[in-house]
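Right, one structure below, let's go through it.
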Amino acid sequence: MSTRLRHGLSKRERQIMEAIYRLKTASAAEVQSSIPDPPGYSAVRATLQILVNKGLLTHSRQGRRYVYAPTIPHRKARQSAVQHLVSTYFDGSVTAAVAALLN
């Protein structure tokens with residue numbers, strides 16, 4: 001698993017990552033308008049910078065704004081999340097995880 005994906009994400013960080021995966025690339029304002037119960041613009045920008053520092057996002061300047069994009073493909077992020085879920089809640093047992101999903 002990528003060391004960048006080992007960082008725990010807060011609920012807000014996950015919401016922002018989900019928004020960016022959905023939008024492909026996005027400015028802070030676009031992220032803010034696409035998440036439920038959004039925090040203020042400054043908080044969104046601060047969280048985006050945290051995600052850049054964690055290596056999960058990259059950014060480029062387009063005119064007067066920064067546009068953010070994920071550094072890890074969505075498929076790989078999903079796979080990492082499932083692996084983390086299985087190891088954390090099911091002691092690494094895929095069989096136990098599937099059984100819980102089927103119940």
Compute the Cα gyration tensor for region 34-89, then decide on rounded, prolate or oblate, letting a ≥ b ≥ c be the square roots of its eigenvalues: rounded whenever a/c is under 1.5, prolate when a/b is larger than b/c in the other cases, and oblate in all that remain. prolate
GNM on the chain, Cα springs under 10 Å; top mean-square fluctuation among L57, L48, L23 goes to L23
Considering every Cα-Cα pair within the chain, what fraction, in whole percent, is farther apart than 20 Å? 43 percent
What are the trypsin sites (Lys or Arg not before Pro) within region 11-103 that DSSP puts in a loop, where the Cβ has at most 11 other Cβ atoms within 10 Å? K24, R64
Compute a Gaussian network model of the chain, connecting alpha carbons closer than 10 Å, and tell me which residue from G92, G63, G55 fluctuates the most. G63
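When only the heavy atoms of the protein chains count and the probe is 1.4 Å, how do H74, H84 rank by accessible area, highest first?
In descending accessible area the options line up as H84, H74.
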Between I72 and E18, what is the spin-label point distance in nm, taking each point 7 Å from the Cα along the Cα→C-beta axis? 1.7 nm
Between E30 and V98, 0.36 nm times their residue separation minus their Cα-Cα distance comes to what? 20.9 nm
Give the residue from A46, S33, L57 lying farthest towards the positive end of the charge dipole for region 13-64; charges sit on Cβ (+1 for Lys and Arg, -1 for Asp and Glu) and the dipole is referred to the Cα centre. L57
Amide H contacts under 5 Å for Y66, placed H, 5+ residues apart: A28
So what are the ³J(HN,Hα) numbers for region 60-73, from phi and the Karplus equation (6.51, -1.76, 1.60; θ = phi - 60°), rounded to whole Hz, Gly and Pro as x? 9, 8, 10, x, 9, 10, 9, 10, 9, 9, x, 9, 10, x
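With +1 on each Lys and Arg Cβ and -1 on each Asp and Glu Cβ, and nothing else charged, work out how big the dipole of the chain is about its Cα centre, in Debye to the nearest 20. Can you show the working numbers first?
Working: 15 positive and 5 negative charges, 87 e Å.
Computed charge dipole of the chain: roughly 420 debye.
Return the calculated 222 nm mean residue ellipticity for the chain, to the nearest 500 deg cm²/dmol, obtained by summing -39500 (n - 2.57) across DSSP H runs with n ≥ 4 and dividing by the residue count.
Working: 5 runs with 58 residues, N = 103.
Helix-only estimate at 222 nm: -17500 deg cm²/dmol.
The values are calculated or read from the model by the stated rules, or taken from the named source; none is laboratory data. None of the values given here were measured: they were computed from a predicted structure. Cβ: placed from backbone, ideal geometry, glycine included. Neighbour counts: every protein chain shown. Note: accessible area is taken over every heavy atom of the protein model, side chains too, but ligands, DNA and RNA are not part of it. Shrake-Rupley method; radii C 1.70, N 1.55, O 1.52, S 1.80 Å.
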